[in-house]
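Taking it in order: structure first as structure tokens, then the write-up.
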Amino acid sequence: MALVREARARGLNVRATGRSVDRREALQEIGAEFVPLDLEMRGADLGVLLAGCDSVIHAAALSASWGQLAAFESANVDVTRRLFDAALSRNIGRFVFVSSPSIFAQFEDRIGIGANSKPNPRPLNHYAATKLIAERIVLNAPSAAMNCCVIRPRALVGDGDRVILPKLTELASRPRMPLPRGGTAKIELTDLRDAAWAICEAEERAAGLRGQAINISGGQPHTVRDVAEQLSQTLGKAPRFVAVPLMAAHGLANLLERIAKLRDSQTEPLLTRYTLATLAYSQTFDLTQAKHMLDYTPRHDALATLLDQVRMIAHKENTA
């Protein structure tokens with residue numbers, strides 16, 4: 001919704017799609033056309049979706065820390081390839097792919113990740129692996145007929161967040177909250193509105209961004225413990241923070257993943273290798289490239305946005 005709102009605020013005509021028709025009314029209220037479509041269906045009529053379009057912003061994905069490889073390949077790789085090919089065959093001039101900085105996650109601190117930073121050659125989960133493959137489909141396109149670029153927004157929070165807030169709330173609601181390395185790792189959240197601005201700006205400037213992948217974040221590093229403490233306080237919770245030695249955390253994550261795989265479990269383990277990487281190791285970004293190419297400067301305090309969302313949800317529950 002944030003992306004559509006930003007595009008409409010710029011005066012763009014928007015055609016949105018998705019499997020759920022629940023959002024049709026909300027999208028139409030802000031002036032978007034809605035075409036219900038399951039992009040994973042090989043017979044999906046992409047011609048109807050793309051007819052008359054000048055640009056494609058591809059933000060659809062299976063975004064999860066756990067699941068079957070085939071599901072991620074279908075949603076993140078196959079859909080990207082078909083949509084990209086369909087746009088190219090219809091002479092659409094611009095293609096902006098929304099990827100993820102999860103491709104950088106690894107078991108070491110990475111401070112000031114920039115334009116020339118390399119992704120982890122061995123991605124920590126299927127989501128990161130398939131987003132990296134999809135990026136390469138877009139960035140390595142041989143044709144000069146379409147201007148293509150990639151935007152990687154980090155840890156999105158705000159109205160519409162169905163990933164970060166639920167996970168953090170669940171963690172903060174436990175009697176004890178384990179913090180690998182004592183929660184000293186630094187993380188950067190990104191307000192959905194800032195990400196939407198950057199994506200739409202990339203669409204507008206696509207001709208000068210061909211072949212570029214740009215990292216986007218809120219630009220304000222916070223320690224994991226600081227985020228956990230502020231979130232817990234806002235929720236009215238008082239979990240006991242427990243520092244977990246790295247060796248023990250790595251052993252537990254590996255064990256839980258092995259057990260889940262042996263059971264063919266669809267439920268994400270309590271701790272995965274990817275979750276450990278995000279909680280125990282710093283990941284911050286150098287926004288120089290984003291400033292230079294997009295004139296991007298974060299406008300919103302993403303942590304404040306996260307806490308505001310917590311208060312709104314709590315208020316709704318208390319008045320229901």
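The values are calculated or read from the model by the stated rules, or taken from the named source; none is laboratory data. Remember, predicted model here, so these are calculated numbers, not experimental data. Cβ placement follows ideal geometry from the backbone for every residue including glycine, while neighbour counts extend to all protein chains displayed. We work out accessible area using only protein heavy atoms, side chains counted, and drop any ligands, DNA or RNA first. Shrake-Rupley method; radii C 1.70, N 1.55, O 1.52, S 1.80 Å.
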_FRET efficiency, 1/(1 + (r/R0)^6) with R0 56 Å, evaluated for A238 and R82 via beta carbons_ = 0.70
_Output the 0 to 90 degree angle, nearest 10, between the alpha-carbon long axis of helix 79-89 and the longest principal axis computed from the alpha carbons of the chain._
20 degrees
_GNM top mover of M177, M146, M41 - the chain, alpha-carbon springs below 10 Å_ = M41
*May I ask for the angle, rounded to the nearest 10°, between helix 192-204 and the longest principal axis of the chain, with both axes built from Cα atoms and the value confined to 0 to 90°?*
30 degrees
*Give me the lysines in straight-line cross-link reach of K167: C-alpha distance below 25 Å, same-chain residues under 8 apart excluded.*
K131, K186, K237, K261, K316
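Could you give the length gained on full extension between S173 and R8, defined as 0.36 nm per residue of separation minus the Cα-Cα distance, in nm? If you can, show how the numbers build up before the last one.
Values: separation 165, 0.36 × 165 = 59.40 nm, distance 3.76 nm.
Additional length available on full extension: 55.6 nm.
Relative contact order, percent, of segment 1-148 when contacts are C-alpha pairs under 8 Å separated by at least 6 residues?
Details: 173 pairs, mean separation 32.0, N = 148.
About 22 percent, as a whole number.
With a 1.4 Å probe and all protein chains left in place, how much of the accessible area of the chain comes from carbon and sulfur atoms, in whole percent?
52 percent
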*asked:* Using only the alpha-carbon atoms, how far is helix 224-235 inclined from the longest principal axis of the chain? Give it as 0 to 90 degrees, nearest 10.
replied: 90 degrees
*Ordered by packing density, taken as the mean number of other Cβ atoms within 10 Å over each peptide's residues, highest first, how do 81-91, 108-118 rank?*
81-91, 108-118
